Amino acid sequence: METQCDDVPLEHDKGKGFSINDNADLLAEILSRLDGRSLGVAACVCRLWSGVCRRDTVWEALCTRHVSGGAAAARAVVAALGGYRRLYRLCMGPVLERLPPARRDEAAHLSLSLSLSLSLFSIDCYERLGGRQRSSLLFLRNTVDPLVRRSMARKVIYRR
Amino acid sequence: MGPYPCGSAATGWEGGRSEAPCAAPEIDGLLAGAGYRVRSSDLCHVAQRLERLESAMVGSSGNHVDFAHPASDAVHYNPSDLAAWVDSMLSELAPADPGPARHAPAPDAWEDQIYSQPQRAVAARMEEEEDSGIRLVHLLMSSADAIQRGDVALAGSLIDEMRLLLTRVNTGFGIGKVAGYFVDALTRRLFSASSAAAASGSPAEYEILYHHFYEASPYLKFAHFTANQAILEAFEGHDRVHVIDFSLMHGLQWPALIQALALRPGGPPALRLTGIGPPSPDGRDSLREIGLRLAELARSVRVRFAFRGVAANRLDDVRPWMLQVAPGEAVAVNSVMQLHRLLSDPDSPGPAPIDSVLAWIRGLRPKIITVVEQEADHNKPGFLDRFTEALFYYSTVFDSLEAGRASCSGAQQQQSTAVAEVYLQREIRDIVCCEGPDRAERHEPLMRWRARMIRAGLRPVHLGSNAFKQARMLLTLFSGEGYCVEEVDGCLTLGWHSRPLIAASAWRADDFDEDARPIPDNFIFNSISNTNESNSSINNNAAMLRRRNSNNNNSRSSDSSSQQESIHGM
């Protein structure tokens, strides 16, 4: 006979171990250390994980990593604009993707990415208020191809 | 006989190619485009024999010696007649296959011609296009010169020639497209009786075009973000701030500022926004609608916000009393591509409207004036000079739009690019067709704006590294590697392939009470003491006199109907 215990496994239950799924908050704490793509993968594991990955705190930790100060005030503003998860999906993710990989962890770049993303996000929120089709952020869905080649003919003519 | 001569081959095949469209209907059209004449009914047969030919060639690849010596009585077959050619090849390589005893031309020659002819055709076509492009530019210059000299007949005939050339050039991109717009503008100038201003469309249309231009290219986003950064830095330490926007449009610049003010350390100030825009003809108060939306956004992020709309057709109809600047608030004046409409011809006598507008702007004692203008010289009095400048400027802009279109995925974005081109076409028409007071698009380069602002008693404010870094990061979001941001004397310019196209600068009045403060370099500032100017900077007496005496028909302060005083107590 074993007694159920939520937090601490009994001595003779050592064989059963501790399941991460028993504690959603702990799971959230761990998942908040992942990067965006891994979070997306984690959300596909099971319904519990998907629910945890929908929490805005997880995405907030992702977006505000390396960014100092003002977290509580920012939380209210971002929540009003649509939440960190949406911020990451619409703006921060594409912005970070376009940074060169070496720079993606630099605090200065992350801070600038966040402020730029917030600006774009506020425009998106404003367009949603207007009820019209959201279009200002569509350019973020383009794939950036630095190797686009253009015909030499045009360049010749346009050079003064 | 020797190897198949290249020269006659080329003419023969080109002849075949140009004949194909009007040949007998059984010739396959697609292959005809590549230079081969094959009857559609024969396609299956030819395909099979080509397969056999391939296996025969691969199988006998060790026997090159067989190919080196063409028979002395070889009969030349035009390889564009694919059916006969493949039969003859097979007969040579696989003699077991019954077929007419014809010999193919030497392998080097046919290999060279079969495999490179399509590519050579493409290269020839590209050269032809390039030649046509250069010829178009030349014709455009000549017709502009003819118009300047007053030779209408010559200009007309040149335009006809250009139209003919345009039918042969690809007008989907590049010089063909730009030339198309310029030829259209020249035609309007020569042949349309009424002034082109009448055909410029309604303000509502203009707003839609503007919105699509905003979506399709980074120029306006760059303008908004850079101006917002300068305004944000200037508002540091102030509790009540007032922004005057010279053209509200859809108000797309302000959500980002509202959000940034909401997040600033120390809490948001009370924000007032005065938006100037054209009056709406159908009774809808579009300014008020925009104000309501911005107010809702501000309410959701808990920023005290008040909006006021001023309806005016021209900026010089606006008077300072309409803006109702209160004492003690920090004022920012924002002008995105509006000031150039107030200029006049450089050689016309008397003061231009810009001077009086700059004077009353200065009278408001703003903390910052953000000016974004096109970086081009389209205000030259001579038509040919102006035309040439415009041609090169808009070619560059269209080039950048084209690069954006090439990488964008959605149909909506393609549509945005197309509408953005219509927006640019309006500007082109204005620059080419209109003269004198009709012309509104009088772009001037940054250097001349700087001189004008300094003459008006304003001092430049350096835009700072934050604005520069933000602009650079914004550009990484746009595809097309050609965009570049440069810093010129504290102003930022955005350009395409080292040609600057749009320039942003910031200014303030130079007779301020407060000491010159060091240019802050980071987002978090030290608190700056706010010297409150006690007297209102507006000359109220003069304004009241003007109101009594003059007839302000064109401009109404839409005080009674459009004011949105939604001040939220915190």
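Any read-out appearing in this document is the output of simple, stated calculations on the displayed coordinates, not a laboratory observation. Computed from a prediction, not measured in an experiment: that's the story for all the values here. Cβ atoms come from the backbone with ideal geometry, glycine included; neighbour counts cover every protein chain shown.
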- Item | Virtual spin-label span in nm between A:E29 and B:Q148, 7 Å along Cα→Cβ | 7.6 nm
- Item | Shielding score for B:252-258, defined as the mean number of other chain Cβ atoms within 10 Å | 5
- Message: Using DSSP to call loops (not H, G, I, E or B), can you name the trypsin sites (Lys or Arg not before Pro) in the range A:27-89 whose Cβ has at most 15 other Cβ atoms within 10 angstrom?
- Response: A:R33, A:R54, A:R65
- Message: How charged is the neighbourhood of B:R135? Take every other residue with its Cβ under 11 Å from the Cβ of B:R135, and add Lys/Arg as +1 and Asp/Glu as -1.
- Response: -4
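Is the C-alpha gyration tensor of the range B:340-384 telling us rounded, prolate or oblate? Criteria: a/c under 1.5 is rounded; beyond that, a/b larger than b/c is prolate, otherwise oblate.
Taking the square roots of the gyration eigenvalues as a ≥ b ≥ c, the range B:340-384 is oblate.
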- Query: Between the range B:132-165 and the range B:244-286, how many Å separate their Cα centres?
  - Reply: 46 Å
- Which net charge results when you count Lys and Arg as +1 and Asp and Glu as -1 among the other residues whose beta-carbon is under 15 Å from that of B:I354? +2
- Gyration tensor verdict on the range B:312-470 (Cα atoms; rounded if a/c is under 1.5, prolate if a/b is larger than b/c, oblate otherwise): oblate
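Rank-order B:412-418, B:301-307 by packing density, defined as the average count of other C-beta atoms within 10 Å over each peptide's residues, highest first.
B:301-307, B:412-418
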- Could you tell me what % of all Cα pairs in the range B:152-275 have separations over 21 Å? 61 percent
